[in-house]
Amino acid sequence: MDIPTGIRRVPPPDLDSVASDPVLVERIRTEIEREGPLTFARFMELALYEPDHGYYRSPDARPGRGGDFLTAPEAHPIFGRALARHVADAWRACGGPPAFVIREHGAGSGALAVAILDGLAVEEPELYRAVRYRAVEVESSRLIELGERLAAAGHANRLEPDDGRPIVGLVIANEVLDALPTHRVEGDDGDVGLREVFVDWKDGAFVDAPGATSTAALAQRLTDEGVTLRPDQRAEICLAVDAWMAEAAAGLEHGVITLIDYGYPAAELYDAVRRPRGTLAAYLGHRAHEDPYRAVGRQDLTAHVDTTAVERAAAAVGLGHVASTTQSAFLAGLGVGELLVELQSGAEATLQRYLEARAALVRMIDPAAMGRFRVLAFARAVDPAATFRGLSRAPD
Ligand SMILES: C[S@@+](CC[C@H](N)C(=O)[O-])C[C@H]1O[C@@H](n2cnc3c(N)ncnc32)[C@H](O)[C@@H]1O
């Protein structure tokens with residue numbers, strides 16, 4: 001299995017040290033008893049998003065240093081400081097309007113928001129005054145923490161609720177698409193070419209249960225992408241990406257959507273030699289493993305993003321494709337090296353802080369770690385000649 005490396009590179013965890021959420025297990029078990037085996041997408045939806053019990057619906061810290069993994073914005077503010085430059089490029093591509101909204105999906109507790117606003121305040125004061133920040137979070141209690149964090153950083157007056165009004169601005173999501181519920185399938189030499197891996201309950205535990213596919217959309221997705229799975233090759237198919245993209249693009253009158261996540265174009269993602277067992281991974285206590293049925297509700301579940309599917313979903317809602325690149329090329333284009341030097345020369349600089357920033361940055365750009373994350377940018381009605389520094393370099 002292709003477990004992402006780098007910030008998420010970790011030894012196998014002691015799976016027995018964390019029990020499943022008993023209320024959640026009972027709810028899922030009851031649903032299986034009532035409806036029969038569930039699609040993996042339904043299981044993942046309950047495991048991550050069930051109110052009060054799903055992994056992302058708990059008030060506990062996740063992600064973050066106390067959580068189960070470290071995302072780039074949580075690892076160091078240099079990531080958000082670089083992204084502030086991308087915000088400035090998007091603003092200029094829209095003609096430098098007097099009001100510009102940053103709408104962040106999956107904003108967590110606000111690490112990225114604070115770093116972007118800090119960067120704009122220092123480098124782009126006119127844009128800083130024009131900016132309003134809208135945070136979209138599946139777990140509303142996290143928005144309270146985000147508000148407090150922005151207020152502590154002096155940015156309270158930049159925050160506005162996401163009331164659904166149309167925006168001119170930049171929509172961003174970092175490490176959100178990988179958490180969308182996904183179906184699991186296996187190649188098959190029958191007519192459909194696929195069987196689905198459902199979730200059943202046997203002898204007091206969740207187990208895989210192969211069966212005929214629950215929807216023709218699964219085989220259709222692979223056909224559209226020109227992909228054929230080998231018999232017994234396992235893979236994930238995230239149908240939810242279409243609805244997610246439609247929602248993210250909704251109300252974007254004019255502006256840019258930038259998505260950052262680990263993933264590959266379909267031909268690479270579904271490569272039978274490199275990824276014969278798919279990419280589903282579970283994260284628990286900063287450790288990665290392969291069993292989605294342990295620590296249910298208390299561990300994260302993720303699968304690599306099919307960037308071809310994201311690009312097709314964006315086209316379907318009328319967005320133009322600006323560029324797709326790697327995180328390492330994106331950050332380099334945004335001048336992250338120069339930002340690191342600046343951090344070294346500021347009044348508050350210490351050797352310790354510099355070394356921390358450098359170590360975090362190395363993981364963000366290392367092609368064997370987060371550097372190979374994908375950055376996908378789409379736009380609606382922006383200047384076609386606009387320059388985006390982060391998208392100007394060839395992906396490495
Ligand atoms: C892996 S964390 C990333 C958080 C943050 N973007 C970062 O990079 O540190 C995923 C975040 O997205 C939120 N989330 C997941 N699915 C979501 C959805 N469909 N809509 C809004 N937020 C979502 C989760 O609650 C969580 O805060």
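Some notes on this structure:
- Pairs of Cα atoms farther than 22 Å apart, the stretch 169-327, %: 45 percent
- Convex hull volume per residue, computed on the Cα atoms of the chain, equals 140 Å³.
- Taking only protein heavy atoms and a 1.4 Å probe, the accessible area of the chain is 52% carbon and sulfur.
- Look at the Cα gyration tensor of the stretch 194-253: its axes a ≥ b ≥ c give a/c of at least 1.5 with a/b at or below b/c, and that counts as oblate.
- Rounded FRET efficiency, nearest 0.05, which uses the C-beta distance separating Glu145 from Glu338 and R0 of 35 Å: 0.65
- For the stretch 243-303: rounded, prolate or oblate by the Cα gyration tensor [a/c cutoff 1.5]: oblate
- Förster radius 56 Å - calculated FRET efficiency between Leu351 and Glu35, Cβ distance, rounded to 0.05: 0.40
- The residues of the stretch 142-263 have, on average, 42 Å² of accessible surface per residue, using a 1.4 Å probe with all protein chains present.
- Sorting 100-106, 31-37 by average packing, meaning the other beta carbons within 10 Å per residue, from highest down gives 100-106, 31-37.
- Relative to the longest principal axis of the Cα atoms of the chain, the long axis of helix 351-365 makes an angle of roughly 50 degrees.
- Anisotropy class of the stretch 147-235 from Cα gyration tensor, a/c 1.5 cut: prolate
- DSSP-defined beta bridges in the chain - what % are antiparallel, rounded to 5: 60 percent
- With Cα atoms, 0 to 90° folded angle of helix 111-123 axis to the chain main axis: 20 degrees
- A crude spin-label estimate for the pair Arg230 and Ser17, with each label 7 Å from Cα along the Cβ direction, gives 3.6 nm.
- Residue-count net charge about Pro231 - beta-carbon cut-off 15 Å; Lys, Arg +1, Asp, Glu -1: -2
- Sorting the segments 274-280, 136-142 by their residues' average number of neighbouring beta-carbon atoms within 10 angstrom, most packed first, yields 274-280, 136-142.
- Against the main long axis of the alpha-carbon atoms of the chain, helix 336-345 sits at an angle near 50°.
- At an R0 of 25 angstrom, the distance between the Cβ atoms of Arg277 and Ala216 translates into a FRET efficiency of 0.55.
- Only beta bridges with both residues in the stretch 165-296 are counted; by DSSP, about 65 percent of them are antiparallel.
- Accessible surface area normalised per residue over the stretch 275-356 is 40 Å², counting heavy atoms of protein chains with a 1.4 Å rolling probe.
The values are calculated or read from the model by the stated rules, or taken from the named source; none is laboratory data. This one's a predicted model, so the numbers in the text were calculated from it and none came from an experiment. Don't worry about glycine lacking a Cβ; one is built from the backbone with ideal geometry, like all the others, and counts go over all protein chains shown. Ligands, DNA and RNA are stripped out before the accessible areas are found, and what is left, the full protein with its side chains, is counted by its heavy atoms. Shrake-Rupley method; radii C 1.70, N 1.55, O 1.52, S 1.80 Å.
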